[in-house]
Ligand code: AHR
């Protein structure tokens, strides 16, 4: 048994928590859209063909912004294909995922679905195989009220009010050789700056995201951000980060410490952005949109290049339907802790993705929908993390890892909502052998009036929820004790815990 000590002090504010931190991502990839959120023949489908059981789960998950329609998909996407009468929409070959895209679900249908789940649309434009003109056309179609050809076309297509989309991604992972239209940082930076300036002429209130690196392990990482921001600093609001983690070579210890890597990733991008700020003598602060993050078993990923016969590229194939274990959910919950700890600079994030594809929600065609293990930390953090993030004042044991050297066994963050006098503390125990007594010292706040402790754990670190056993892993109430100004909980090895306290 080890001990960790945490101090809750509402004076130590990191930053207000932007609700956009609890965003997600829906890409036209695999069964994310078709046979995922959309399945007109399913018994629970509504009049628009959307599964209502999935809508209910998405609402319970508490996602805010949703990034759409890709991902790698966007770099070959012609947005015009996805609007207008459905029967007239083209069927296209999606080069990113070697699939057939029917465009049955397009911009209007997706925005309609978002209205049902109560989310904000974050749109990506194609800067891979297209450029500023197509981006401007899409923006006019979406955001201009009326009176121009494209805004009138939107009205004819059934949406009299503009979509009013504020956040726009300027392409996707343009540093990646796999990306259609992949280019150098210099070329992309110029293109993104030109596109951003043009889009702002139409709508100055937009919030624009330039592509950062698709991973901190890319050979161009760092220099990519510096170059892109040198071109775009004055015209964009965010630089993106993408990160996926998985257990490699059976090294669970390093995998459990993945958030150490995410912390460093964020801090490196912040330092790079601030370097460009200094060089430019700018007073503007660049924020991070962490618009793809998750656990993803890329090493198990089916190579889509094997889908070769273009005459038979499948519609909505089963791709990247990772089944998440308890250990995956503990890492996932720790990544949320990392995002919250950096709430001063990470003001938007998208868990990638939402349904069926590396997702917290799984469905079977004609069958049930269920929660993966990762559903639980996301839903709880989205519900409980209100107000501001507090600086974590934490002491506890450490352990040695192959990938990151010595790391803390316990990682934590607290949030504080002044209005409701409610706090939430989220922490992980990364130890595989030791339970940990965690003491939460709240002397700086005062008398606690109610305490709830919930933990995600399982005796089998690789236990998962499946169609056959959908409720195997879930949050459980955990006992606690109170003594003076402290709350004490004993958390098991490989666990993720949420403590909510009202004062
Ligand atoms: O989320 C799956 C894929 O991962 C996205 O399409 C791409 O942007 C990233 O490489």
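Side notes on the structure shown:
- Residues of the stretch 306-321 with amide N under 18 Å of a point placed 7 Å along Cα→Cβ from residue 41: 314-318
- Helix 326-341 and the longest principal axis of the Cα set of the chain meet at an angle near 80°.
- Average projection, convex hull of the Cα set of the stretch 79-143: 5.1 square nanometres.
- Degrees, to the nearest 10: 258-280 long Cα axis against longest axis of the chain: 60 degrees
- Spatial separation of Cα centroids for the stretch 33-67 and the stretch 458-489, in angstrom: 28 Å
- Note on residue 437 and residue 19: the extension gain reaches 147.4 nm, defined as 0.36 nm multiplied by sequence separation minus the Cα-Cα distance.
- Between residue 481 and residue 217, the distance separating the two model label sites (each 7 Å from Cα on the Cα→Cβ line) works out to 4.4 nm.
- 31 Å tail of the calculated P(r), the chain, as % of Cα pairs: 44 percent
- With q set to 0.23 Å⁻¹, the log10 of I(q)/I(0) for the stretch 9-71, from the Debye formula over equal scatterers at the Cα positions, is -1.01.
- Extension gain, residue 466 to residue 148, is 109.5 nm, computed as 0.36 nm per intervening residue step minus the present C-alpha separation.
- Hull volume in cubic angstrom per residue (convex hull over the Cα atoms of the stretch 358-503): 142 Å³
- Sorted largest first, the principal axis extents computed over the alpha-carbon atoms of the stretch 328-374 equal 44, 20, 11 Å.
- Rounded to 5, percent antiparallel among DSSP beta bridges of the chain: 60 percent
- Over the residues of the chain, the helix contribution to mean residue ellipticity at 222 nm works out to -7500 deg cm²/dmol, using -39500 (n - 2.57) for each DSSP H run of at least 4.
- Acute angle (nearest 10 degrees) that the helix 107-117 long axis makes with the longest principal axis of the chain, alpha-carbon atoms: 30 degrees
- Across the stretch 184-290, Cα-Cα pairs farther apart than 25 Å form 26% of the total.
- Linear extension gain, residue 444 paired with residue 402, 0.36 nm per residue minus alpha-carbon span: 11.3 nm
- Distance-filtered residues of the stretch 298-318 - backbone nitrogen under 17 Å, label point 7 angstrom along residue 364 Cα→Cβ: 318
- Annotation: for a label point projected 7 angstrom from Cα along Cα→Cβ of residue 264, residues of the stretch 215-233 with backbone N closer than 19 Å are 215-226.
- Residue 474/residue 201 FRET efficiency (R0 60 Å; Cβ-Cβ; nearest 0.05): 0.75
- Between the stretch 208-266 and the stretch 302-350, the Cα center-to-center distance that results, in Å: 15 Å
- Stokes-Einstein diffusion of the stretch 418-503 at 20 °C, 1.002 mPa s viscosity, Kirkwood radius from Cα pairs, rounded to a whole number: 152 µm²/s.
- Computed over the stretch 18-384: relative contact order in percent, which uses C-alpha pairs under 8 Å that are six or more apart: 23 percent
- Mean-position separation - Cα centroids, the stretch 109-169 and the stretch 381-457, in angstrom: 40 Å
FYI, it's all coordinate maths here, none of it is from the lab. Here the structure is a predicted model, which is why all the values come from computation and not from measurement. No Cβ is skipped: glycine too gets one built from the backbone with ideal geometry, and neighbour counts run over all protein chains shown.
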